[in-house]
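A quick write-up on the structure given underneath.
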Amino acid sequence: MLPKRPHGVVMLLMLMVFDVSGAFVGITIGNEMSNLPSATDIVAILKEKKIQHVRLIDSNHQMLTALANTGIEVMVGVPNDQLLCVGQSRSTAADWINKNVAAYVPATNITYIAVGDEVLTNIPNAALVLVPALQFLQSALLAANLNTQVKISSPHSMDMISKAFPPSIATFNSTWNTVMSQYLRFPKDTGSSFMLNAQPYYGYVGGQGVFPLEYALFRSLNPNSQISDPNTNLFYTNMFDAIIDATYNSIQAMNFTEIPVLVTASGWPWRGGPNEKAATVDNALAYNTNLIRHVLNNSGTPSQPMNQSSTYIFELFNEDLRSGPESEKSWGIMFPNTTTVYSLSFEDVATTIPESPALRGMFCVANSSAPHSALKHSLDWACGPGSANCSAIQPGQPCYESDNIVAVASYAFNDYYHRTQASGGTCSFNGTAMMTSTDPSHDPCIFAGSTGANGSNGGTASGPVSPDSFASKSQSCWLTHLAAALLLILVM
């Protein structure tokens, strides 16, 4: 007779495997549009763009069927208009699970259920049924033996946080303290996540000039515009991280810890009305490109450096039937007729483009005689749409120099050039850059193309490895070996 396997070891192994996998970027598919493409066409788009995680606002059966045997991880949704029925009846919740989840797994890889959307701020009258709905659906998953594969939570709006900055003193709106306490107990007990719709666009527009646009778009800030939390002295280079940290601190203020934050919607509108000046294609492209890179580099946030939040881009298609201003209809990266608004890569562009060995010993650097305003504009482009890996020039990283925009821009220009030269990239930047054979590297900041002892290995334009990134990789390697050892124990 085989001995029983220790449940604690099994759970530890599961958690380790989860941690090693890293954060992901997925995309949301809404349903408020006049002509939704066919399910097969949508799945073809997901495959073409190599998108492996998708959030469905509802539980569209045609989509669930089309997603079968693709391996794509799927989040299904209980729409707000179904929440009341599900939250008032165990049998209705069980029926919902049977028809929308159990009927499609394992062929369709359903991993999450989003119950409602911004319920407490959008339909506050349904607040009292939110937690019962979560509990009833969880009981139904247990009955169907799906509770380990499928997790349940409910997306919240940023408006749930009374004051998001500085993040260290952020708290949830006290009006919802009772409900939030009950809600937080649910993911804590079930191993689920706190779902958050994190939209810096709204934070930027609502701030009415308090925060610079660069801060919202993940672009580098002027040295005299650095934003820090006065209580922790942590620097924030982007609004997204500040929102995530504000959420973690709000959770901790309710005396809960170790509940991961999952971003269920984040994006930027590409078009707006006459008074919506920030809603442009350039800003949407910059935000989503930088967001994808930021999430996939697993750098975490200033207060949570080991906890990168997986994120669903909002959204795949424009929803022309959404109410509100023009911007509300224009968050998609594609039109419903499947033509592209702007091109977006869902791969880690910072690590997928190899450097040509012929470029070793050659460097693209900033022209020191160029106006600083022009250098700043070129730097923003390089680190945004240009897809340079600018992590090493962020505060606290090896190539950051707060008062030297020439040095900072040089690193970004060079990284861009080494990644893109083989496919047509140039060292121009509107006349603000030039080529040189003089290695600008200086310990510990190593430029791509450096032939020194600390230079790039194998010609890969990976940039210098920060202590955090090295620790993260070392931890992943260690966890992988330990997980393998535990697996041997389990099968003996």
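The values are calculated or read from the model by the stated rules, or taken from the named source; none is laboratory data. Since we're looking at a predicted model, the values are computed, not measured. No Cβ is skipped: glycine too gets one built from the backbone with ideal geometry, and neighbour counts run over all protein chains shown. Only protein heavy atoms, including side chains, enter the accessible area calculation; ligands, DNA and RNA are left aside. Shrake-Rupley method; radii C 1.70, N 1.55, O 1.52, S 1.80 Å.
Name the residues in the range 365-414 that are within 15 Å of LEU221 (Cβ to Cβ), at pLDDT 90 or above and polar (S, T, N, Q), would you?
If the condition is that a residue be within 15 Å of LEU221 (Cβ to Cβ), at pLDDT 90 or above and polar (S, T, N, Q), then ASN404 is the only one that fits.
Can you confirm whether THR178 is among the hydroxyl-bearing types (Ser, Thr, Tyr), modelled with pLDDT under 95 and open to solvent by 50 Å² or more (accessible area, probe 1.4 Å)?
So THR178 fits the description; yes.
Residues in the range 43-62 that are open to solvent by 40 Å² or more (accessible area, probe 1.4 Å), under 14 Å from THR108 (Cβ atoms) and more than 17 Å from the chain's Cα centre (by Cα): how many?
The number of residues fulfilling the criteria is 3.
Surrounded by 19 or more Cβ atoms within 10 Å (Cβ to Cβ), modelled with pLDDT of 90 or more, under 15 Å from the mean Cα position of the chain (by Cα) and not polar (S, T, N, Q): does that describe LEU285?
Yes.
Quick grid of which residues meet (1) over 11 Å from the mean Cα position of the chain (by Cα); (2) assigned to a helix (DSSP H, G or I):
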site: ASN298; (1), (2): no, no
site: THR301; (1), (2): yes, no
site: ASN307; (1), (2): yes, no
site: TYR312; (1), (2): no, no
site: LEU321; (1), (2): yes, no
site: GLY324; (1), (2): yes, no
site: GLU328; (1), (2): yes, yes
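Considering the range 385-397 alone, what residues qualify as being open to solvent by 30 Å² or more (accessible area, probe 1.4 Å) and assigned to a loop (DSSP other than H, G, I, E, B)?
Answer for the range 385-397, where residues must be open to solvent by 30 Å² or more (accessible area, probe 1.4 Å) and assigned to a loop (DSSP other than H, G, I, E, B): PRO385, GLN394, PRO395, GLY396, GLN397.
For the range 78-88, does any single residue satisfy the condition of being outside any helix (DSSP H, G or I) and under 25 Å from the mean Cα position of the chain (by Cα)?
Within the range 78-88, one or more residues are outside any helix (DSSP H, G or I) and under 25 Å from the mean Cα position of the chain (by Cα).
Return yes when TRP268 is aromatic (Phe, Trp, Tyr) and either touching a residue at least 60 places away in the same chain (Cβ under 8 Å) or surrounded by fewer than 16 Cβ atoms within 10 Å (Cβ to Cβ) (or both) and no when it is not.
The answer is yes for TRP268.
Select from the range 63-77 the residues that are part of a loop (DSSP other than H, G, I, E, B) and in contact with a Ser or Thr (Cβ under 6 Å, 6 or more places away or on another chain) and write down the one among them that is least open to solvent (accessible area, probe 1.4 Å).
The selected residue is LEU67.
Only one of these conditions is not met by HIS294: (1) in contact with a Phe, Trp or Tyr (Cβ under 8 Å, 6 or more places away or on another chain); (2) open to solvent by 20 Å² or more (accessible area, probe 1.4 Å); (3) without any contact (Cβ under 8 Å) to a residue 60 or more places away in the chain; (4) part of a helix (DSSP H, G or I). Which number is it?
Condition (3) is where HIS294 drops out.
Conditions tested, residue by residue: (1) touching a helix residue (DSSP H, G or I) at 6+ places or on another chain (Cβ under 8 Å); (2) at pLDDT 95 or above.
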{"site": "ASN98", "(1), (2)": "yes, yes"}
{"site": "TYR112", "(1), (2)": "no, yes"}
{"site": "HIS156", "(1), (2)": "yes, yes"}
{"site": "SER162", "(1), (2)": "yes, no"}
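Would you be able to tell me the number of residues in the range 427-443 that are assigned to a loop (DSSP other than H, G, I, E, B) and either basic (Lys, Arg) or open to solvent by less than 80 Å² (accessible area, probe 1.4 Å) (or both)?
Of the residues in the range 427-443, 8 are assigned to a loop (DSSP other than H, G, I, E, B) and either basic (Lys, Arg) or open to solvent by less than 80 Å² (accessible area, probe 1.4 Å) (or both).
Could you list all residues from the range 240-265 that are in a loop (DSSP other than H, G, I, E, B) and within 10 Å of SER193 (Cα to Cα)?
Across the range 240-265, the qualifying residues are GLU258, ILE259, PRO260.
Give the residues of the range 128-157 that are of a type in the set (A, V, I, L, M, F, W, C), out of contact with any Phe, Trp or Tyr (no Cβ under 7 Å at 6 or more places or on another chain) and more than 13 Å from ILE113 (Cα to Cα), sorted by residue number.
Across the range 128-157, the qualifying residues are LEU128, VAL129, LEU142, ALA143, ALA144.
Only residues that are within 22 Å of THR237 (Cα to Cα) and small (Gly, Ala, Ser): list them for the range 163-198, please.
Listed by number, the residues that qualify are ALA164, SER168, ALA170, ALA198.
With the checklist (1) over 18 Å from the mean Cα position of the chain (by Cα); (2) farther than 18 Å from ALA164 by Cβ in hand, flag the one item ILE227 doesn't pass.
Unmet condition: (2).
Just for the range 92-108: of the residues that are of a type outside the set (Phe, Trp, Tyr) and surrounded by 19 or more Cβ atoms within 10 Å (Cβ to Cβ), which one is farthest from TYR183 (Cα to Cα)?
THR108
Every residue in the range 197-213 that is in contact (Cβ under 8 Å) with a residue 60 or more places away in the chain and surrounded by fewer than 20 Cβ atoms within 10 Å (Cβ to Cβ), please.
Passing the criteria: VAL205, LEU213.
How many residues are over 19 Å from PHE447 (Cβ atoms), open to solvent by 40 Å² or more (accessible area, probe 1.4 Å) and assigned to a loop (DSSP other than H, G, I, E, B) if we restrict to the range 368-384?
2
Exactly one of these conditions fails for ALA126: (1) closer than 30 Å to GLY207 by Cβ; (2) small (Gly, Ala, Ser); (3) modelled with pLDDT of 95 or more; (4) in contact with a Gly (Cβ under 9 Å, 6 or more places away or on another chain). Give me its number.
Result: ALA126 passes all but (3).
Go through (1) at pLDDT 95 or above; (2) in contact with a helix residue (DSSP H, G or I) (Cβ under 7 Å, 6 or more places away or on another chain); (3) closer than 28 Å to PRO260 by Cβ; (4) hydrophobic (A, V, I, L, M, F, W, C) one by one and return the number of the condition ILE51 breaks.
If we test ILE51 against (1) at pLDDT 95 or above; (2) in contact with a helix residue (DSSP H, G or I) (Cβ under 7 Å, 6 or more places away or on another chain); (3) closer than 28 Å to PRO260 by Cβ; (4) hydrophobic (A, V, I, L, M, F, W, C), just (2) comes out false.
Looking at the range 330-343 only, could you name the residues that are of a type outside the set (Val, Ile, Thr) and either over 20 Å from the mean Cα position of the chain (by Cα) or surrounded by fewer than 18 Cβ atoms within 10 Å (Cβ to Cβ) (or both)?
Passing the criteria: PHE335, PRO336, ASN337, TYR342, SER343.
If I ask for residues that are open to solvent by less than 10 Å² (accessible area, probe 1.4 Å) and farther than 16 Å from MET195 by Cβ, which ones from the range 141-161 would you list?
LEU141
Being farther than 24 Å from GLU118 by Cβ and either within 13 Å of the chain's Cα centre (by Cα) or in contact (Cβ under 8 Å) with a residue 60 or more places away in the chain (or both) narrows it down to one residue among PHE235, PHE256; which is it?
PHE235
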